[in-house]
Amino acid sequence: QVQLVESGGGLVQAGGSLRLSCAASKSISSLNVMGWYRQASGKQRELVAQIRSGSITTYTDSVKGRFTISRDNAKNTVYLQMNNLKPEDTAVYYCAAQNVPYLYWGQGTQVTVSS
């Protein structure tokens, strides 16, 4: 069992930045994949970015060049640095941790980008 707690969401103007944090209750170095998802109102949850063992990262096309996912194994924390935010980035952002065959979710943090 892994508990995940997100923080760092909020209201920001377009073009601004936020950094989301996801603190895990156990060592993240033992987890296969950690990632950030988002769900906008009325839409399906989508993968935003993920980081695998060895720090291999992938991003959805709409955030490439603007978002950066990283991990600090010593702090058991994964981050999502979001720059040049756009109104279409508005959503609830969820942290997820995969420990095959299980997938764990955080409670989510709201990000709102005003135009």
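Quick one: length gained pulling R19 to N99 fully straight, 0.36 nm per residue minus the C-alpha distance?
Going from the current span to full extension adds 26.4 nm.
Determine the gain in length on full extension of the stretch S29-N73; use 0.36 nm per residue of separation and subtract their C-alpha separation, reporting nm with one decimal.
Taking 0.36 nm per residue and subtracting the Cα distance, the gain is 15.2 nm.
Ignoring ligands, DNA and RNA, what accessible area per residue does the stretch 16-86 give at 1.4 Å, in Å²?
On the way: 3590 Å² over 71 residues.
That works out to 51 Å² per residue.
Just the C-alpha atoms of the chain: what Rg/Rh do they give, with Rh taken as the Kirkwood radius?
My calculation of the ratio gives 0.95.
Looking at the chain only, what percent of DSSP beta bridges run antiparallel? Nearest 5 please.
DSSP beta bridges in the chain are roughly 90 percent antiparallel.
Expected output is a single nm value to one decimal: the length gained when fully extending between L11 and A40, i.e. 0.36 nm times separation in residues minus the C-alpha distance. What is it? Intermediate results must be reported in sequence, preceding the final value.
Values: separation 29, 0.36 × 29 = 10.44 nm, distance 1.46 nm.
Extra length from L11 to A40 when fully extended: 9.0 nm.
Among all the lysines, which ones have a C-alpha under 23 Å from K26's C-alpha, if same-chain residues fewer than 8 places away are not counted?
Output for K26: K75.
Just the number, please: carbon plus sulfur as a percent of the accessible area of the chain, 1.4 Å probe, no ligands or DNA/RNA counted. Write down the numbers at each step before the final one.
Details: 2760 of 5950 Å².
C and S fraction of accessible area: 46 percent.
Distance from the Cα centre of the stretch 50-96 to that of the stretch 3-31, in angstrom?
So the two Cα centres are separated by 9 Å.
Using a 7 Å offset from the Cα along the Cα-to-Cβ direction at both S55 and Q81, what is the distance between the two label points in nm, to one decimal?
1.2 nm
The values are calculated or read from the model by the stated rules, or taken from the named source; none is laboratory data. Keep in mind the model is a prediction, meaning the values are calculated, not measured. Backbone-built Cβ (ideal geometry, glycine too); neighbour counts: all protein chains shown. These accessible areas exclude ligands, DNA and RNA; they are computed on the full protein's heavy atoms, side chains included. Shrake-Rupley method; radii C 1.70, N 1.55, O 1.52, S 1.80 Å.
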